[in-house]
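Just so it is clear, none of the values below were taken in a lab; they were calculated from the coordinates. None of the values given here were measured: they were computed from a predicted structure. Ideal geometry is used to build each Cβ from the backbone, glycine not excepted, and the neighbour counts take in all protein chains shown.
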Amino acid sequence: MIDMEEKNFLALMPHRDCGKGVATVKRSLFSLGFYGAFSFPVASPLAVLSHALTKDELKRIAVQLRKNTLADGRKGIVTAGDWETAALGGIFFGGQRLDVPAERLFQADAVFPRGVVVEPCVVPLLVEAVMRNGAPAETAEEEKTRPAVQPASFSFTVGYVANLTLRPLRNDGYSFEWRIGEPVWMPKTRRLSAENG
């Protein structure tokens, strides 16, 4: 049985210049039978939320994400690499794994208002296909599926966070309508370094 309720996500999205390559991957996946390739925007869902976040809350998260991309000698770069599958909010996604340390968002108590995070992501993915929306038993084979064409890895430094509302349209597990809220861009690396220096 598919949960037909709307879901609120916190999403990380790369600059639209990166999206052109992802659109090519989605077209290839669709031609290979991945029917959920166009069910989701070019985005990485980081958490299921109980409600949408305010602009100020999104700003704090954007700053924290940038700091996370600079921690441990990192250079502020987010890389999309190997194909993976992951579940979030009862939906199974396939896409390229992002090396953004998102788990640090959920360790910092000051970043999210109390009780707003319903489910944090375990594996941040730049979603290129919805694999299925349903029970794990129904998706066991799809979870193991890998595309015949391995997407090329790429990196980005410019990205934003936004509220993403997803509403199922039909019981096929692939049909969704989405609304993306106002983007809040991660601060530039140089600006953040100057403020902290």
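What is the fewest-to-most order of Arg16, Arg104 by other Cβ atoms lying within 10 Å of their Cβ?
Listed from fewest to most nearby Cβ atoms, that is Arg16, Arg104.
From least to most packed, judged by other beta carbons within 10 angstrom and beginning with the fewest, Lys67, Lys20 follow the order Lys20, Lys67. Between Leu125 and Leu98, the built amide H atoms are under 5 Å apart, and every one of these is 5 or more places off in sequence or on another chain.
Here segment 50-76 is scanned for amide nitrogen atoms under 17 Å from the site 7 Å beyond the Cα of Asp17 along Cα-to-Cβ, giving 76.
Geometric descriptor of segment 1-94, per residue, is 131 Å³ (volume of the convex hull of the Cα atoms).
Rounded to the nearest Hz, the phi-derived 3J(HN,Hα) couplings of segment 56-70 under the Karplus curve 6.51 cos²θ - 1.76 cosθ + 1.60 (θ = phi - 60°) are 5, 5, 5, 4, 4, 5, 4, 5, 5, 4, 4, 4, 4, 6, 9, where x marks glycine and proline. Taking 26 Å as the limit for the C-alpha separation, the pairs Lys26/Lys55; Lys20/Lys75; Lys20/Lys188 exceed it in the case of Lys26/Lys55.
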